[in-house]
Amino acid sequence: MYKINVLITGSTGYIGVQLIKLLIKHKNINIKYLCGKNSVGKNISSFDSSLKAKKLPQISKYNKKYLKNVDIIFTALPNGEAQEISNDLLKKNTLIDLAADFRLKNSLDYHKWYKQKHKAVKNIKKSIYALPEITKEKVKNFNIIGCPGCYPTSILLPLIPLIKKKVINQNTIIIDSKSGYSGAGRNVHQKYKTKNLYESLSAYGVGFHRHNSEIDQELKNHTKSNINFLFTPHLSPMFRGILSTIYIDLKKGISGKKIEDILKDYHKKNRFVKVLNSDSFISTNEVINSNNCFISVCKTKYKNKMIILSAIDNLIKGGAGQAVQNMNLKFGFNESEGLK
């Protein structure tokens, strides 16, 4: 069977390791290079012992000469670094970025939210913000694929269908999201050394988290008018998983059953999105180690107010799994290959 050659740079982080675990199960993929900086010469099993028995290349330093030997480059790097690699791409290459380098379509927005100038502005127009259930086959037309952030994934999957149908108030959306600490990367303990990550819950980025820009951009894309929402993320004392609680006001004449029906109809062919029956209480435990998003619409004591629960695994559906799903769509593989 013909296999596509892949390079993964940023391979030793939580997302990079998760990506490797998915790709070694993919029948159409050959992992040609694993790249890192401080880990050159090491085996990837040093970062995850479950990979010890797998035949994988030693970690090497990224070299643009590698690009002629691969079809796909996955970048799980700090923001800004995939931009530089995008400037080296050959016609045969597809870049799939798991960071924020190609999420925002305006370079000024990128500078505002990420405090750095974009180093590949000309490539932004050549890229797509690819949330698989929304963009679907459109990824086939692009060789630079920007994967959504983990929080926005859990938020946009339920909100975009409702925004498109104009059934909720666009000015009163409140989003409360809680994530496992793996979302902050391997340096999380150093970054939050004053917090007890294992026994406390803490809010951060209150009012101004970077993912505000991404959520705002994508919701506006589907309504062509202003959206007002409040988004507050929290670090939760668990390793992985995200639960987003979204508070919405219904427009006049819209029922909770209508909201549920819209979501079920929109996602009925999206194999990784499960819209449960109303008032189902969901937890991150139900989606851990899967590429699934579980959604539940819940009633409140007010007829015109509803609560939407949305749960994903931040390292898979919010990261590596979504990247593989986009790759499958881009290259015409079975969408669930490597993700079962």
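Just for the chain, what percent of DSSP beta bridges are antiparallel, to the closest 5? For the chain, the DSSP antiparallel bridge percentage is about 40.
Residue by residue, segment 102-110 carries 3J(HN,Hα) couplings of 10, 8, 9, 8, 10, 5, 5, 5, 4 Hz when phi is fed to the Karplus relation 6.51 cos²θ - 1.76 cosθ + 1.60 (θ = phi - 60°); x denotes Gly or Pro. Calculated mean residue ellipticity, 222 nm, the chain: -7000 deg cm²/dmol, from DSSP H runs (n ≥ 4) at -39500 (n - 2.57) each, averaged per residue and rounded to 500.
Of all DSSP beta bridges in segment 151-315, what percent run antiparallel (nearest 5)? Display every interim value, and only then the final one.
Details: 24 of 35 bridges.
The antiparallel proportion sits near 70 percent.
Counted over all Cα-Cα pairs of segment 3-71, pairs farther apart than 14 Å make up 54 percent.
Quantify how much of the Cα-Cα distance distribution of segment 151-315 extends past 29 Å, in percent. Walk me through the intermediate numbers first.
Values: 2376 of 13530 pairs.
Cα-Cα pairs in segment 151-315 separated by more than 29 Å: 18 percent.
A cut-off of 5 Å between modelled amide H atoms, ignoring neighbours fewer than 5 places along the same chain, links L230 with I173, I174, I175. Remark: relative contact order (the chain) = 17 percent; criterion is Cα-Cα distance under 8 angstrom and separation of 6 or more residues. Each of L309, S236, N291 was placed along the dipole of segment 151-315 (beta-carbon charges, centred on the mean Cα), and the one lying farthest toward the positive end is L309.
Seen against the Cα atoms of the chain and their longest principal axis, helix 14-23 is set at about 80 degrees.
Rounded to the nearest 0.05, the FRET efficiency derived from the C-beta distance between N169 and V206 at R0 = 22 Å is 0.45.
Put simply, when 320-327, 273-280 are sorted by average Cβ atoms within 10 angstrom per residue, most first, you get 320-327, 273-280.
Taking the Cα atoms only, what angle lies between the long axis of helix 321-331 and the longest principal axis of the chain, rounded to 10 degrees? Here the helix axis deviates by roughly 70 degrees. Per-residue Karplus couplings for segment 154-169, computed as 6.51 cos²θ - 1.76 cosθ + 1.60 with θ equal to phi - 60°, are listed in order as 5, 8, 6, 4, x, 7, 4, x, 6, 5, 4, 7, 6, 10, 10, 5 Hz, Gly and Pro entered as x.
The phi-based Karplus calculation (6.51 cos²θ - 1.76 cosθ + 1.60; θ = phi - 60°) puts the 3J(HN,Hα) values of segment 229-243 at 8, 10, 10, 10, x, 9, 8, 10, x, 8, 6, 9, x, 9, 10 Hz, whole numbers, x for Gly and Pro.
Spatially, segment 156-176 and segment 287-340 are offset by 17 Å when compared through their Cα centroids. For the peptides 41-51, 163-173, the ranking by packing is 163-173, 41-51, with the highest mean count of neighbouring Cβ atoms within 10 Å listed first. Distances between placed amide hydrogens fall under 5 Å for I29 paired with I4, all partners being 5 or more residues away or on another chain. Using all pairs of distinct alpha-carbon atoms, the Kirkwood hydrodynamic radius of the chain works out to 20.5 angstrom. Each Lys and Arg Cβ is given +1 and each Asp and Glu Cβ -1; about its Cα centre, segment 205-314 then shows a dipole of about 440 debye.
FYI, it's all coordinate maths here, none of it is from the lab. All figures in this text were calculated on a predicted structure; none of them were measured in a lab. All Cβ positions, glycine included, derive from the backbone under ideal geometry; neighbour counts span all protein chains shown.
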